1. What number, in nm² with one decimal, is the all-direction average of the projected area of the convex hull of the alpha-carbon atoms of region 66-148?
2. Against the globular-protein guess of 2.2 N^0.38 Å, express the Cα radius of gyration of region 1-78 as a ratio, rounded to two decimals.
3. Find the accessible area per residue for the chain; the probe is 1.4 Å, ligands and nucleic acids are left out, and the unit is Å².
4. Any chance you could give the angle, 0 to 90 degrees and rounded to 10, that helix 116-130 forms with the longest Cα principal axis of the chain?
5. Can you pull the percent of Cα pairs in region 106-150 with separation above 13 Å?
6. Translational D (Stokes-Einstein, µm²/s) of the chain at 10 °C and 1.306 mPa s when Rh comes from the Kirkwood sum over C-alpha pairs?
7. What angle do you read, to the nearest 10 degrees and between 0 and 90, between the alpha-carbon axis of helix 78-95 and the longest principal axis of the chain?
8. Grab the DSSP H runs of the chain that are 4 residues or longer, score each as -39,500 (n - 2.57), total them, divide by all residues and round the 222 nm result to the nearest 500 deg cm²/dmol.
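The values are calculated or read from the model by the stated rules, or taken from the named source; none is laboratory data. These numbers come from a predicted model, not from an experiment. FYI the Cβ positions are ideal-geometry reconstructions off the backbone, even for glycines, and counts take in every protein chain you see. The accessibility values were calculated without ligands, DNA or RNA, using every heavy atom of the protein model including side chains. Shrake-Rupley method; radii C 1.70, N 1.55, O 1.52, S 1.80 Å.
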Amino acid sequence: MPRAGLTADRLVAAAADLADEAGYENVTLSALARRFGVKDASLYAHVRGLPDLRTRLALLAGGEMTDRIAAAVAGLTGRDALAAFAGAYREYALAHPGRYAATQLRVDRALVTGSPAPRRTAEVTYGVLGAYGLEEPDLTDAVRLLRSTFHGYCALEAAGAFGAPREVEASWARTIDALHVALVHWPRTKA
């Protein structure tokens with residue numbers, strides 16, 4: 001019988017908090033069981049194991065991040081939307097390092113079928129890029145460019161790896177400017 005008050009949603013929320021506090025790699029069923037004062041086996045009434053918990057955590061974090069990005073870009077297009085998207089992405093990544101790490105995992109499509117989070121993420125991202133007139137396969141390439149640029153910048157910034165005296169914010173603004181120029185002048189794939 002499930003322990004009163006313990007639910008899958010409460011476990012995932014606690015896992016998200018633990019990820020931010022101790023690091024994504026330290027999210028384990030044992031650590032969560034200790035937080036709730038229960039035995040590890042009690043958690044299996046709510047999640048199927050660590051992979052299931054981590055998938056749920058990735059979906060929670062991805063949904064949170066997408067909600068922030070969607071709110072930031074609402075009503076904006078072009079460079080303004082790109083800058084708002086990038087800013088919300090960066091703020092989330094730096095404020096929630098464990099949750100953010102969960103969003104970087106490749107999640108088994110079969111496990112997320114029916115979840116609105118991945119579809120909403122694609123809609124918001126493609127919506128911003130739509131102003132640049134990109135179509136497939138250029139759209140996928142542009143998404144990969146943005147994701148790798150934002151992720152790399154955030155990872156380096158979080159690690160304190162930007163040691164040059166130049167202000168990090170100034171470099172970030174120039175990065176967005178450069179991405180905007182790249183998107184405006186994207187080399188279109190011939191049909």
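1. Mean projected area for region 66-148: 5.7 nm², to one decimal.
2. Taking the Cα Rg and dividing by 2.2 N^0.38 Å, one obtains 1.31.
3. It amounts to 56 Å² per residue over the chain.
4. 10
5. Details: 617 of 990 pairs.
Tail of P(r) above 13 Å: 62 percent of Cα pairs.
6. Values: Rh = 18.2 Å.
Answer from the Stokes-Einstein relation: 87 µm²/s.
7. For 78-95 against the chain, the angle is about 30 degrees.
8. Details: 10 runs with 133 residues, N = 191.
Computed ellipticity for the chain at 222 nm equals -22000 deg cm²/dmol.
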